Amino acid sequence: MTTQVVPAVGSGRETGGHDRLAGLDLVRLLALALVLYTQLAGSFRAAGEPLGATSLVDDYLVEPLRLNPDLRFFGAALIFLVTGFLAVRTAARQASVEFAARRALRVFPPLWVAVLLCWALVALGQPAVPDTGSVTAPDVLGNLLLVNFFTDPSVTLAAAAWALLPIVAVYLMIGALLPVLRTMPWLAVAIQITVCSVLLSIMPNFGTAAAAAGGTIGAFGTAVVLGEVVWLVWSGHVPLWAGGCLGVACWVVFAWGDRLGLHGSGDAYPLTLAYAFLLVVIAVQISGRMRMPSVVSYLARRSYGILLTHQAVVAVVLAPLAGHVFSALAVVAALAATVVAGELVHQAAERPAALAAARLRGIGS
């Protein structure tokens with residue numbers, strides 16, 4: 001069965017097929033590097049032994065660009081934008097059932113393997129999750145389904161999975177709005193922005209864990225939606241002026257979430273999102289002129305598994321090494337371990353899930 005191709009209005013581009021944007025692989029690799037740097041720099045700084053590179057990063061990046069300490073959120077911002085771009089690009093050529101099934105296969109099987117890996121490390125007595133005692137079966141089940149973010153008290157095994165809350169929420173909105181997306185894409189994006197703003201209006205009024213999770217969706221959801229806007233303009237589905245209006249609306253709602261204190265520590269989240277947006281736009285524009293080295297594609301394809309497991313793996317590796325070996329050796333060991341964990345998630349979950357997703361092509365059409 002041939003893949004449906006949706007012509008890009010007025011752009012001469014096509015949005016179907018299996019073409020891969022090389023620039024976005026580079027952005028994924030950059031996001032991965034930034035997330036790992038944030039984790040490693042924060043770990044060594046907390047131990048009172050800051051990495052030598054942190055002073056250079058602080059002097060030449062953090063302070064001049066007014067970023068968060070240890071480049072916090074920069075990697076996540078890139079991930080949100082790329083996710084939104086690719087999600088709406090994929091949705092443009094899939095039926096609602098196929099889109100939902102494929103997104104579920106993309107998100108949950110790797111999450112399950114990552115959660116089980118983190119749980120195994122905790123069960124073996126490793127310091128994979130700070131301040132965690134025994135982990136019960138309901139705790140594990142809650143993590144497998146992301147329910148842990150909606151309950152209190154709860155144990156979070158894969159800490160980075162918080163980012164899946166706005167991502168999954170946007171997937172659900174895209175799936176529900178597919179008919180609108182295909183006829184009036186600007187309206188589909190406007191509805192998503194409105195939903196995020198409503199969540200920001202309501203959720204801070206409640207003090208429950210579920211309300212906090214809803215606030216996270218509202219506070220970070222527009223970062224994912226902004227990635228959709230990039231695709232809509234790039235593909236020619238909305239004119240530049242309309243995309244500019246939608247992009248500003250995304251950023252304003254995101255900045256509002258920051259003013260409400262829903263982005264955590266650091267006051268540079270909106271500015272960081274703006275920098276990340278510029279990088280993604282540049283990457284998309286130059287993708288047709290680039291060929292990525294195989295190592296970039298390799299790491300980009302395993303970035304999800306690395307991101308899900310990196311906090312637990314880095315904590316386990318650094319625990320016996322920090323303060324006992326040169327920091328450079330400890331960093332290399334931690335990075336190698338994260339790649340191994342990412343490969344495990346990729347082989348155990350992502351590859352089988354991709355094969356299952358391929359069999360769903362055309363379902364619901």
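The values are calculated or read from the model by the stated rules, or taken from the named source; none is laboratory data. From a predicted model like this one, the values you see are computed outputs, not experimental measurements. When we count neighbours, we look across all protein chains shown, and the Cβ atoms used for this are built from the backbone with ideal geometry, even at glycine. To get the accessible areas, we keep the full protein, side chains included, count just its heavy atoms, and leave off ligands, DNA and RNA. Shrake-Rupley method; radii C 1.70, N 1.55, O 1.52, S 1.80 Å.
Condition check ((1) on the phi < 0 side of the Ramachandran plot; (2) not hydroxyl-bearing (Ser, Thr, Tyr)) across all residues:
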site	(1), (2)
Leu30	yes, yes
Thr54	yes, no
Glu63	yes, yes
Arg66	no, yes
Val107	yes, yes
Leu121	yes, yes
Val129	yes, yes
Ala137	yes, yes
Would you point out the residue of the range 152-167, among those that are open to solvent by 30 Å² or more (accessible area, probe 1.4 Å) and under 13 Å from the mean Cα position of the chain (by Cα), that is farthest from Thr309 (Cα to Cα)? Trp162
Taking Val345 as the residue in question, decide whether it is open to solvent by less than 20 Å² (accessible area, probe 1.4 Å) and more than 22 Å from Val27 (Cα to Cα). no
Pull out all pairs, ordered by first then second residue, where Cβ-Cβ is under 7 Å, the residues are six or more apart or on different chains, the first lies in the range 81-95 and is more than 18 Å from Val281 (Cα to Cα), and the second is small (Gly, Ala, Ser) and open to solvent by less than 20 Å² (accessible area, probe 1.4 Å). Arg93/Gly16
Looking at the range 56-75, which of the residues that are part of a helix (DSSP H, G or I) and touching a helix residue (DSSP H, G or I) at 6+ places or on another chain (Cβ under 6 Å) is farthest from Ala169 (Cα to Cα)? Asp70
Could you pull out the residue among Ala160, Ala120 that is closer than 20 Å to Gly264 by Cβ and part of a helix (DSSP H, G or I)? Ala160
